[in-house]
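Down below is the structure, laid out as structure tokens.
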Amino acid sequence: MAHAVISCLHANLAALEAVLSDIDQRAITTITCLGDLVGYGPQPNEVVNLVRERSIPSCQGCWDEDIIEGLNACECSYPSQLAERRGHQAHQWTAEQLSEENKAFLASLPMTLRRDRLLFVHGSPNSQHEYLLPDMDAFAALERVQTADADTLFCGHTHRPYVRELRDGVIRVRVQTPADPQAAAEREMALPVRRIVNAGSVGEPRHGNTHATYVIHDEATGNVEIREVPYDVERTCRAIVEVGLPPVFAWRLRHGFEYAERADDASHVCER
Amino acid sequence: MARWALVSGLQGDLALYEAIQRDLRQLGRVDTLFVLGDLIGPDRDANALLDRLQDPRRGELAPQCIYGWWEDQLLAERGYRGERRADPLRQQFGQAAVEALQEAVDPGHLAWLAALQFGFIELDCALLHGSSADVGDCLGPESSPLLLLDRLTRMDVNRLFTARSGEQFCVELAGGGIASTVRDLAGERQLQQVVPQRKVIGIGGGLRYSLYDPGSDRIAFRSVGQQPGSRGRGFA
């Protein structure tokens, strides 16, 4: 059975409608959302309403959490104070616009969803704010999947879709204790094959193109297809400017990459 | 290069601390004393030890302290950790232990305890109570090598000293590797990575402490009560 995984909708209604239409055309009925329904984009209520109408199971993203809990991360992944200020502006605007009912819905979202050996999270099993980048340390990547007791980990947050298979792993260790310091015990751990699938972003792609991205996973074959879906980018850009959000959000959507807001250290996880 | 002494789990025991200081004086060639948390505990009044740690006597090595699991629990219960309370302590040892811990420490020490850091980075070493993941993370000689490597990678260090388990051990990552394939919209690429030569060292707790020579990378496990002339149980 094929199922679709979407992430990082970011209040972009035109992109979400286009992606759902693409999924419907493939007669796929199981959809999972990895959070960040709101933030940056101009239609937070419309996007949350559509996810609720379609009864799409969703995890809570970092933006969803911040809207409910208040900004409790230090936002230290912002590359500049100007970018941080724009992020705060978007946060405040979204919090003001979002209905109480939709805030309650976001607050009700779980951190993770699980289907058998498939685990669905926003950032990583550790944190909604942690970025699992495609080239990150392979052992650390495997640890995230293995510690979560999953075979395949679906995540978002980076806005860049990819599939990473980790295999042929082995770690050898030499263990010494005071009981017998001269006789070191050696052991070897064979690491299991695991996969990380990043669904990219529906509402704010950063993979070098303006198209929305999502993935289709075939549970029978294990195949993962990364989909790119064109949508009416101008419609969203106009709405961003009309509602008074920072115009740079529209500018970067038109370019398909977060030129103005790219984090210097995307691996940083705020502990605040 | 002189050696470091690494101590933890004093839990308010001033006599034990004085015995370790005596041991260090007799050994010589130790220039830095790190106390990796658990300065306090629920079993005895910790105020005299806390006074001494903040105001060392002449001739003693001045301790460099970080907070441990017991300090974290106390500070949480006393409102120094936001909304968090000492629930792990409560679940593990009961309400009586929470109350005993609070009674063991005069409120006048709380500000000093709250100012202690999570850990130190010295040279290429992380000196922590638990691990880079959490102050309560309990690493031991049987811990998964994948987990140990992850804890090292998170701080990007070659040596991670931990105290939470109270055990003395040295796990050396001695080889191995992993392959991966990344596929995205630009295509597919193969990546290969080898296991870095790194170590996780359990320093012990209470009577058991460790000496580390950063110059030679030698660790020696000691226990107070050992004969001064003995060499400790060292590894190259």
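Would you mind telling me which numbered condition in (1) surrounded by fewer than 19 Cβ atoms within 10 Å (Cβ to Cβ); (2) of a type in the set (Ser, Thr, Tyr); (3) over 30 Å from residue A:227 (Cβ atoms) residue B:132 fails?
(1)
Scan segment A:156-192 for residues that are at pLDDT 95 or above and small (Gly, Ala, Ser) and jot them down.
A:156, A:169, A:190
So, of the residues in segment A:193-245 that are within 20 Å of residue A:124 (Cβ to Cβ) and at pLDDT below 95, which turns out to be surrounded by the most Cβ atoms within 10 Å (Cβ to Cβ)?
Among those residues, the one meeting the criterion is A:204.
Of everything in segment A:22-37, what is free of Cβ contacts under 8 Å to residues at least 24 places away in the same chain, polar (S, T, N, Q) and not in a loop (DSSP other than H, G, I, E, B)? Give them in sequence order.
A:25
Is it true that residue B:103 is surrounded by 15 or more Cβ atoms within 10 Å (Cβ to Cβ) and more than 23 Å from residue A:126 (Cβ to Cβ)?
For residue B:103, the condition - surrounded by 15 or more Cβ atoms within 10 Å (Cβ to Cβ) and more than 23 Å from residue A:126 (Cβ to Cβ) - is not met.
For segment B:180-206, enumerate the residues that are over 14 Å from the mean Cα position of the chain (by Cα), in contact (Cβ under 8 Å) with a residue 12 or more places away in the chain and assigned to a loop (DSSP other than H, G, I, E, B).
B:195, B:196, B:197, B:198
What are the pairs with Cβ atoms under 8 angstrom where one residue, in segment A:168-189, is more than 30 Å from residue B:191 (Cβ to Cβ) and the other, located anywhere, is assigned to a loop (DSSP other than H, G, I, E, B)? Sequence gap at least six, or different chains.
Pairs that qualify, where the first residue is more than 30 Å from residue B:191 (Cβ to Cβ) and the partner is assigned to a loop (DSSP other than H, G, I, E, B), are A:176/A:184; A:177/B:141; A:177/B:167.
What do you reckon, is residue A:62 touching a His at 6+ places or on another chain (Cβ under 6 Å) and at pLDDT below 95?
yes
Taking the conditions exactly as written (touching a Phe, Trp or Tyr at 6+ places or on another chain (Cβ under 6 Å) and within 30 Å of residue A:52 (Cα to Cα)), does residue A:120 satisfy them or not?
So residue A:120 passes the test.
For residues in segment A:132-151 being more than 12 Å from the chain's Cα centre (by Cα) and in contact (Cβ under 8 Å) with a residue 60 or more places away in the chain, which is farthest from residue A:191 (Cα to Cα)?
Checking each candidate, the answer is A:134.
Working only within segment B:23-51, note down all residues that are in contact (Cβ under 8 Å) with a residue 24 or more places away in the chain and small (Gly, Ala, Ser).
B:37, B:41, B:46, B:48
Find the residue count for segment B:56-100, including only residues that are of a type in the set (D, E, K, R) and surrounded by 15 or more Cβ atoms within 10 Å (Cβ to Cβ).
Final tally of qualifying residues: 8.
Being farther than 21 Å from residue B:163 by Cα and either without any contact (Cβ under 8 Å) to a residue 12 or more places away in the chain or of a type in the set (A, V, I, L, M) (or both) is the filter here; which residues of segment B:52-74 pass it?
Of everything in segment B:52-74, those that are farther than 21 Å from residue B:163 by Cα and either without any contact (Cβ under 8 Å) to a residue 12 or more places away in the chain or of a type in the set (A, V, I, L, M) (or both) turn out to be B:55, B:56, B:57, B:58.
Taking segment A:126-158, which residues are within 12 Å of chain B (Cβ to nearest Cβ) and in a loop (DSSP other than H, G, I, E, B)?
A:126, A:127, A:130, A:132, A:133, A:134, A:135, A:136, A:137, A:158
Scanning for something within 17 Å of the chain's Cα centre (by Cα) and assigned to a strand (DSSP E or B), does segment A:10-17 turn up at least one residue?
no
Which residue pairs have Cβ atoms closer than 8 Å, lie 6 or more positions apart in sequence or on different chains, and pair a first residue in segment A:51-70 that is surrounded by 14 or more Cβ atoms within 10 Å (Cβ to Cβ) with a second residue that is among the acidic types (Asp, Glu)?
A:61/A:36; A:62/A:36; A:63/A:36; A:64/A:36
Of all residues in segment B:107-149, count the ones that are closer than 23 Å to residue B:219 by Cα and touching a residue at least 12 places away in the same chain (Cβ under 8 Å).
The qualifying residues number 25.
So, of the residues in segment A:104-123 that are among the charged types (D, E, K, R) and assigned to a strand (DSSP E or B), which turns out to be modelled with the highest pLDDT?
Checked segment A:104-123; the qualifying residue modelled with the highest pLDDT is A:114.
Give me a count of the residues in segment B:60-98 that are in a loop (DSSP other than H, G, I, E, B) and of a type outside the set (A, V, I, L, M, F, W, C).
Residues that pass the stated criteria total 12.
In segment B:116-178, which strands (runs of 3 or more DSSP E) lie fully inside it and hold 1 or more residues that are at pLDDT 95 or above, facing chain A (nearest Cβ under 9 Å) and over 12 Å from the mean Cα position of the chain (by Cα)?
The strands (runs of 3 or more DSSP E) meeting that bar number zero.
Going by what's in this entry, would residue B:77 be described as in contact (Cβ under 8 Å) with a residue 40 or more places away in the chain and away from every other protein chain (no Cβ under 14 Å)?
no
Of everything in segment B:155-171, what is buried (at least 19 other Cβ atoms within 10 Å of the Cβ) and either within 28 Å of residue A:199 (Cβ to Cβ) or not β-branched (Val, Ile, Thr) (or both)? Give them in sequence order.
B:159, B:160, B:161, B:163, B:164, B:165, B:167, B:168, B:169, B:170 - these are the residues of segment B:155-171 that are buried (at least 19 other Cβ atoms within 10 Å of the Cβ) and either within 28 Å of residue A:199 (Cβ to Cβ) or not β-branched (Val, Ile, Thr) (or both).
Of all residues in segment B:129-156, how many are basic (Lys, Arg) and under 22 Å from residue A:184 (Cβ atoms)?
Matching residues across segment B:129-156 total 1.
The values are calculated or read from the model by the stated rules, or taken from the named source; none is laboratory data. Keep in mind the model is a prediction, meaning the values are calculated, not measured. Cβ atoms come from the backbone with ideal geometry, glycine included; neighbour counts cover every protein chain shown.
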